[in-house]
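Peer 1: Below are the structure tokens for one structure; questions will follow.
The values are calculated or read from the model by the stated rules, or taken from the named source; none is laboratory data. It should be emphasised that the depicted structure is a prediction, and the values quoted were computed from it without experimental measurement. Reconstructed Cβ throughout: ideal geometry from the backbone, glycine too, with neighbour counts over all protein chains shown.
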Ligand SMILES: Nc1ncnc2c1ncn2[C@@H]1O[C@H](COP(=O)(O)OP(=O)(O)OP(=O)(O)O)[C@@H](O)[C@H]1O
Ligand SMILES: [Mg+2]
């Protein structure tokens with residue numbers, strides 16, 4: 001199998017990895033915010049439920065969650081359940097939303113009460129205070145941990161292979177098994193490095209942009 | 001009826017009654033200082049005036065208009081905002097918005113309010129734009145007043161504590177509150193920076209500006225105040241002119257308090273200027289206000 005053929009095969013798998021990556025972000029970024037507000041709710045029952053949920057999701061392996069979501073419905077309800085890729089997406093979105101929610105919560109809670117109060121005595125509405133005063137400060141503080149989490153997500157996409165979704169790592173494994181060549185498994189390292197490298201540059205750029213003020 | 005009328009304000013946190021029936025009146029253009037030892041309820045009272053805390057009982061009136069009445073129950077957000085705007089508040093910790101430069105810190109809220117009110121009054125986009133332009137001029141005038149016009153594009157993180165507090169004062173003045181409140185405006189500052197902030201506050205004194213100042217700077221309170229309240233354990237223990245409070249304290253608690261603060265030297269020495277300077281500061285303030293219609297509040 002030529003280098004080109006392997007590359008084409010691997011790119012196919014990489015496409016699936018990227019798909020999982022972007023769909024997860026698309027779902028988990030907003031869902032995480034909702035969970036964050038839930039875990040900061042004044043209503044105790046809502047707070048307890050969301051925090052327990054976050055604890056369970058963060059306290060168990062993502063691989064286990066993927067397996068459960070894919071096989072669970074069939075085993076328990078004898079229904080067909082979700083397809084392989086949708087099951088993976090659901091598991092990833094829920095898992096990452098839980099992690100993001102904790103980052104959001106940390107960011108929001110780190111903003112001094114005085115910022116809200118200053119807005120209030122200046123006659124601003126709650127919405128104005130959130131969007132004009134608090135939001136950018138929160139973003140500045142959560143960019144570094146979000147960067148970490150998102151880079152972890154790139155590598156976590158390889159977990160999709162446990163339910164036989166052919167993402168990048170499985171694509172390489174398949175070639176290795178079929179053609180008895182070992183190098184593609186090292187070759188995919190370059191794919192991951194390239195992508196995480198780009199993300200690192202992107203996050204550094206955003207951090208730099210927000211560096212214009214202190215605090 | 002006094003310009004600011006506070007009637008029987010009560011506030012409890014859990015079991016602890018922190019304000020046990022506070023009543024006083026203040027005339028327009030007067031400066032009221034509130035002194036008292038830690039935990040006496042001074043901050044709680046100021047925050048009640050600004051309705052950051054909702055008192056359990058009592059009435060607050062400004063210019064005969066009710067701005068707070070506990071018996072009305074919970075107000076809508078817009079109502080609460082309108083009433084709050086009778087008061088301004090300068091915090092101990094400045095609380096400037098770090099992501100905005102000095103100018104934007106001043107104009108942000110004023111601009112939002114201007115847009116909102118303009119729309120509600122059916123003004124054209126042109127008119128609103130013009131008003132917002134005027135806000136820039138007002139912001140500049142106020143920065144001149146606090147001596148920071150050369151810092152207009154600086155960010156709060158680039159300023160000293162004293163400068164930040166002066167910006168915070170200018171920001172509070174942007175909305176032309178009827179009554180401006182200060183909660184220990186110099187307590188978070190290094191001693192050598194308190195003077196510049198106290199000078200600015202002193203310079204605001206005029207027949208138009210009514211102020212309520214919680215402070216530990218006794219000499220300052222004596223010099224700028226028309227009235228002084230001594231608070232202890234949630235009640236007004238003593239109230240009177242600076243001369244009455246500082247030279248002829250009646251209650252043992254107040255005598256005790258004054259002795260202690262003298263021994264601690266929270267006095268002339270730290271704020272770093274004397275009576276003559278104060279008189280000049282007050283005079284400058286009057287003239288400054290006469291010069292500039294915009295910054296009257
Ligand atoms: N949000 C709150 N929740 C519970 N208790 C509070 C709250 N705010 C104030 N208190 C209590 O109310 C009492 C009065 O506090 P307050 O801050 O008004 O005192 P103060 O006179 O401003 O004191 P200081 O000179 O130290 O600033 C204190 O015992 C304080 O613990
Ligand atoms: Mg206080």
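Peer 1: Would you check if residue B:77 is surrounded by fewer than 23 Cβ atoms within 10 Å (Cβ to Cβ), more than 16 Å from ligand 1 (Cβ to nearest atom) and more than 12 Å from chain A (Cβ to nearest Cβ)?
Peer 2: no
Peer 1: What's the number of the condition residue B:89 fails, among (1) assigned to a helix (DSSP H, G or I); (2) within 13 Å of chain A (Cβ to nearest Cβ); (3) closer than 21 Å to residue B:208 by Cα?
Peer 2: (1)
Peer 1: Oh, and also: Please find, within region A:182-215, the residue that is farthest from the chain's Cα centre (by Cα) out of those that are in a loop (DSSP other than H, G, I, E, B) and loosely packed, with under 13 Cβ neighbours inside 10 Å.
Peer 2: Pass one, region A:182-215, residues in a loop (DSSP other than H, G, I, E, B): A:182, A:213-215.
This time we only want the ones that are loosely packed, with under 13 Cβ neighbours inside 10 Å, so: A:182, A:214.
Values: A:182: 30, A:214: 28 Å.
Checking each candidate, the answer is A:182.
Peer 1: Looking only at region B:102-114, count every residue that is out of contact with any helix residue (DSSP H, G or I) (no Cβ under 8 Å at 6 or more places or on another chain) and either at the interface with another protein chain (Cβ under 8 Å from one of its Cβ atoms) or in contact (Cβ under 8 Å) with a residue 40 or more places away in the chain (or both) and tell me the total.
Peer 2: The initial filter retains those residues of region B:102-114 that are out of contact with any helix residue (DSSP H, G or I) (no Cβ under 8 Å at 6 or more places or on another chain), namely B:104, B:113.
From what is left, the residues that are either at the interface with another protein chain (Cβ under 8 Å from one of its Cβ atoms) or in contact (Cβ under 8 Å) with a residue 40 or more places away in the chain (or both) are B:113.
The total comes to 1.
Peer 1: Something else now. Within region A:85-101, work out how many residues are surrounded by 15 or more Cβ atoms within 10 Å (Cβ to Cβ) and either at pLDDT below 90 or more than 11 Å from the chain's Cα centre (by Cα) (or both).
Peer 2: The first filter runs over region A:85-101 and keeps only residues surrounded by 15 or more Cβ atoms within 10 Å (Cβ to Cβ), leaving A:85, A:87-101.
Imposing the further condition that a residue be either at pLDDT below 90 or more than 11 Å from the chain's Cα centre (by Cα) (or both) reduces the set to A:85, A:87-88, A:90.
Residues meeting the conditions: 4.
For every residue, the table says whether it meets (1) in contact (Cβ under 8 Å) with a residue 12 or more places away in the chain; (2) within 12 Å of ligand 2 (Cβ to nearest atom).
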{"position": "B:3", "(1), (2)": "yes, no"}
{"position": "B:8", "(1), (2)": "yes, no"}
{"position": "B:14", "(1), (2)": "no, no"}
{"position": "B:22", "(1), (2)": "yes, no"}
{"position": "B:37", "(1), (2)": "yes, yes"}
{"position": "B:45", "(1), (2)": "yes, yes"}
{"position": "B:49", "(1), (2)": "yes, no"}
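Peer 1: Based on what the data block shows, is residue B:23 within 12 Å of ligand 1 (Cβ to nearest atom), over 23 Å from residue A:117 (Cα atoms) and either outside any helix (DSSP H, G or I) or away from chain A (no Cβ under 14 Å) (or both)?
Peer 2: No, not satisfied.
Peer 1: If you scan region A:113-133, which residues turn out to be more than 8 Å from chain B (Cβ to nearest Cβ) and closer than 21 Å to residue B:50 by Cα? Steps first, answer last, please.
Peer 2: Here is the first cut: in region A:113-133, the residues more than 8 Å from chain B (Cβ to nearest Cβ) are A:113, A:116, A:127, A:129-131.
Listed by number, the residues that qualify are A:113, A:116, A:127, A:129, A:130.
Peer 1: List the number of the failed condition for residue B:1; all other conditions in (1) within 12 Å of ligand 1 (Cβ to nearest atom); (2) modelled with pLDDT under 90 hold.
Peer 2: (1)
Peer 1: Which residue is farthest from ligand 2 (Cβ to nearest atom), if the candidates are limited to region B:180-209 and must be closer than 27 Å to residue B:115 by Cβ and more than 12 Å from chain A (Cβ to nearest Cβ)? Spell out how you get there, then give the answer.
Peer 2: First, the residues of region B:180-209 that are closer than 27 Å to residue B:115 by Cβ: B:180-181, B:208-209.
Filter once more, keeping what is more than 12 Å from chain A (Cβ to nearest Cβ): B:208-209.
Values: B:208: 27, B:209: 22 Å.
So the residue we want is B:208.
Peer 1: Go through (1) surrounded by fewer than 20 Cβ atoms within 10 Å (Cβ to Cβ); (2) in a strand (DSSP E or B); (3) within 9 Å of ligand 1 (Cβ to nearest atom) for residue B:37 and report which single condition fails.
Peer 2: It fails just one condition, (2).
Peer 1: If we keep just the residues of region B:176-217 that are surrounded by fewer than 21 Cβ atoms within 10 Å (Cβ to Cβ) and within 16 Å of ligand 1 (Cβ to nearest atom), which is farthest from residue B:91 (Cα to Cα)?
Peer 2: Step by step, filter region B:176-217, then rank; the result is B:216.
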